[in-house]
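What follows is a single structure, written as structure tokens, with notes after it.
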Amino acid sequence: MSRLTKLKRVAFTVLRGRASMSRDSNPLWQRLWLDLIFLAGAAVIFLQSASSNYQVVLAPEGVTATAVDYTAFLSPLLFWVGSVLLTIRLASWWIGRSAGAMEATATRIGLAKATAPSVAAGLSRQHRRIAGGIALVSLAFSFAVAASIFNLTYNGQTRVDATLTNGADVTVTGSTATPVGPIVQTIQAMPGVAAAIPMQHRFAYVGNDLQDIYGIDPTRIGEATAVENAYFANKDAAATLKALETTPDGVLVSQETVNDFQLALGDPIKLRLQDATTHQYKAVPFKFVGVALEFPTAPKDSFLVANASYLATETGSPAHEVLLVRSLGDPKALAATIRQDLGSTSGYTVTDLESAFHIIASSLTAVDLGRLTTVEIAFAVVLLAAATGLMLFLGFAERKRTAEILAALGASGAEIGGFLWSEALLILVPGAVVGSVIGVAAADMLVKLLSGIFDPPPDALSYPLIQLLGFALVGIVATVAAVQIARLRVSREVDA
């Protein structure tokens, strides 16, 4: 056995002994289990607040008010703090007891093969500092991931909200006297139009309550506008539209109507519709096939959705009063083109998504977060770069002593670099993984807590893959730069 190998084993024994001697008592917050207490508190507050945070309430007199439950903000705050503290606890525990595993890993991936025992012992001895580094990196990643996911989900849902209000990218509204049927082909042939689907908008009496009723083609409505799962009580748009399609006399009603009349699926309903010939309201039989919570252009409270063909047959009028248009480009430009083509005296009203933003101006989702998002993402990138690089500069004295021992034993510059890379990867990889998980969970928590400002709430989170890959790249670049700088500093100190 070579003298160098024996000395390295001696160094490993010394470092391992120092590791065991350095394990003093745990910090106060660990002994009090504050991490688990914070997480439990976050769970309790979240369950209490998820359904009652921001609520946009329409008062009977038509005044919009916003009820704010400020205690709900404690939930994500406690979750973040508790998650970071739990990360420190688990990382410190694992690193302090996994010198053998770290040695095997460093040897397997080619980092510090000859000095792996010494490197692993040194990292194990510094388990608390490295655990703090992992927690800091995870905090930076979690903020970046949560901010980007929430902002993309928010912006996407704002468009859904506007589309729900306007009906589609562009909506042409006529009347029974001025139906949109004659202009469907003209608009469909215009450049920039992906689809133009007509829809009926009539009125029907449910008991003594006059409600809006929409006649659609369930097989084609999705070509012109988004039909989200959140629009329906069963959270399944495809199944609901299929039930309407296969039931010619089927009708979707609001939850309020279901509650008022104690309806069950399949129950017969009689609605009074206006006959096109006599202009009198007559009873028309329908079958209850589902509950619609929202629908494009429909009011929030009570409305009905039925098959357009059935309405046409029972009322004697096949007229369609609304035309939903999906745009291939800018909806505002397309709307201007349609207005110009139809003329100002046509009797049609043309609206676009930008008009819808003004209509929903009382909603919190009408706020443009574009600039705020830019600031948040920029801050997240700076925090991410600082966090991934900062921890390699901290604890330089400890790293210097380990490097001096390795250098005294004849370790090469590459082996000392392997020690630095081992520490860097031990901080970056777990920090990035744990931080990403925390970020996704925090974003999901925020979206659920603020579901009251979304109309309708989002079906799922939206993931900005390009941004997330960019965050990972920032972390890698910052780590590489920090390792190279630390390597130069260690070399200068050892050579001095």
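Observations
- Yes/no for V305 being closer than 21 Å to A196 by Cβ and surrounded by 19 or more Cβ atoms within 10 Å (Cβ to Cβ): yes
- Taken over the range 278-327, residues that are in contact (Cβ under 8 Å) with a residue 24 or more places away in the chain, hydrophobic (A, V, I, L, M, F, W, C) and part of a strand (DSSP E or B) amount to 14.
- The one condition in (1) within 22 Å of Q188 (Cβ to Cβ); (2) surrounded by fewer than 21 Cβ atoms within 10 Å (Cβ to Cβ); (3) under 34 Å from the mean Cα position of the chain (by Cα) that V291 fails to fulfil: (1)
Residues checked against (1) buried (at least 20 other Cβ atoms within 10 Å of the Cβ); (2) without any contact (Cβ under 8 Å) to a residue 24 or more places away in the chain; (3) not basic (K, R):
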{"residue": "T178", "(1), (2), (3)": "no, no, yes"}
{"residue": "A194", "(1), (2), (3)": "no, no, yes"}
{"residue": "M199", "(1), (2), (3)": "yes, no, yes"}
{"residue": "V206", "(1), (2), (3)": "yes, no, yes"}
{"residue": "G222", "(1), (2), (3)": "no, yes, yes"}
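- Extreme residue, farthest from the chain's Cα centre (by Cα), among residues of the range 328-367 that are outside any helix (DSSP H, G or I) and at pLDDT below 85: T345
- Of the residues in the range 175-191, not one is modelled with pLDDT under 90 and in contact with a helix residue (DSSP H, G or I) (Cβ under 9 Å, 6 or more places away or on another chain).
- Of all residues in the range 229-247, those satisfying the criterion of being without any contact (Cβ under 8 Å) to a residue 24 or more places away in the chain, of a type outside the set (S, T, N, Q) and loosely packed, with under 15 Cβ neighbours inside 10 Å are D236, A238, A239.
- Checked against the criterion of being modelled with pLDDT under 85, β-branched (V, I, T) and surrounded by fewer than 18 Cβ atoms within 10 Å (Cβ to Cβ), the range 406-428 contains not a single residue that satisfies it.
- Residue in the range 265-277 that is exposed (fewer than 13 other Cβ atoms within 10 Å of the Cβ) and closer than 17 Å to T176 by Cα present: yes
- For the range 177-274, the helices (runs of 4 or more DSSP H) that sit wholly inside it and include 2 or more residues that are more than 30 Å from L342 (Cα to Cα) and touching a Ser or Thr at 6+ places or on another chain (Cβ under 9 Å) are 237-245, 255-261.
- Yes/no for G347 being surrounded by fewer than 23 Cβ atoms within 10 Å (Cβ to Cβ) and closer than 28 Å to L252 by Cα: no
- Screening A226 on (1) in contact with a helix residue (DSSP H, G or I) (Cβ under 8 Å, 6 or more places away or on another chain); (2) under 17 Å from P318 (Cα atoms); (3) surrounded by fewer than 18 Cβ atoms within 10 Å (Cβ to Cβ) shows it passes everything except condition (2).
- When the range 451-469 is filtered for residues that are touching a residue at least 40 places away in the same chain (Cβ under 8 Å) and either part of a helix (DSSP H, G or I) or closer than 21 Å to I134 by Cβ (or both), the ones remaining, listed by number, are S451, G452, I453, Q467, L468.
The values are calculated or read from the model by the stated rules, or taken from the named source; none is laboratory data. Model, not experiment: these values are computed from the prediction. Note that each Cβ is placed from the backbone with ideal geometry, even for glycine, and that neighbours are counted across all protein chains shown.
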